[in-house]
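For reference, the structure is listed below as structure tokens.
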Amino acid sequence: MQLSVLSTLYKSKPFLKEFIEETIAAINKLPIDSYEIIFVNDGSPDDSLNYLIEQRKTIPQIKLIDLSRNFGHHYAIQAGLVYSSGDLIFLIDNDLEVRPEVLVTFYEELKQNSTIDVVYGYQEVRKGSFVEKQFGGLFWKFINMMSEVQIAENLLTERLMTRQYVNELLKLQDANLFLGGMLHWVGFNQKGIAIKKGVREGQSTYSFSKRLNLMIQAVSSFSGKPLEYLFYFGCIISTFSTFFIGYLILKKLIHQDEVQLGWTSLIAVNVLILGIISIFLGIIGIYIYRIFKQVQGRPNAIIKKIYE
């Protein structure tokens, strides 16, 4: 198998007909004789799966992996990579924000330089509203500030990968997936290409809460720096508190009755300390939960049925 095209399904029905047509048209422009188009059904609530089952009757290259429920975008991608068999693997979202035609550009770039293992897409200018642009920019800056491996900002799902690279990626046994970080942590020679992302028809399935959860997942699964920062911050608070207590004692000794150490200041300090401790415990709790999830040893996704 020369090429595997991999995409995930979640409320994807409106885009599938056009996506399949454009994908096949892009593949026909390349010197490729054998290929497969893999769709991973991530518990999609619409009839995407049934539509593709019908399409398989006329397009036998379509391969369907039906997960038992919705596990999440990154986990669905991982499941698809496991069952891909191409020498090259092209990963793409099917919402047509990025057109399948980009495969031709990626393929030509990969073939021009035999040392490149991955060609990935990124946005030079983020699309969306002002809030979305600012939040997205802060997200990547925050991730890189916390991460030991620098990740290209504004990454897109779309990328063309060699089989060797994918095999090494699949050796990672993370239960808490942040593919954006893992794809760079693996290393190899990777090249980014700027892509202008279009506007999706309909509302995005990535809500603000999902984006926030992704940021928490990214930081807690890919970096231990928040725990280091907690230690340093605790040292600063302890040092400041020691000097402040010494200052109060010294002032009391010098001015005696003129200095009144009231309950208001004590309560305010206690509330502040309680808030800080709560934040510390919350961050530590997130890491403990990630450890718990990792040692459970559960599969990241369960496959209900494969249509091939």
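General observations
- Count Lys and Arg as plus one, Asp and Glu as minus one, and take only other residues whose Cβ is under 9 Å from that of Leu156; the net charge is then -1.
- For Leu67, residues with placed amide H under 5 Å, excluding near neighbours: Asn41, Gly43, Lys304
- In Å², nearest 10: area of Glu54 left accessible to a 1.4 Å probe: 100 Å²
- Remark: accessible surface ordering of Arg298, Arg56, Arg69 (largest first) is Arg298, Arg69, Arg56, probe radius 1.4 Å.
- All distinct Cα pairs of the range 1-131 go into the 1/r average, and the inverse of that average, the Kirkwood radius, is 15.5 Å.
The values are calculated or read from the model by the stated rules, or taken from the named source; none is laboratory data. Note that the structure is predicted; figures quoted are calculated from it, not measured. So basically every Cβ, Gly included, is an ideal-geometry build from the backbone, and we count neighbours across all protein chains shown. The accessibility values were calculated without ligands, DNA or RNA, using every heavy atom of the protein model including side chains. Shrake-Rupley method; radii C 1.70, N 1.55, O 1.52, S 1.80 Å.
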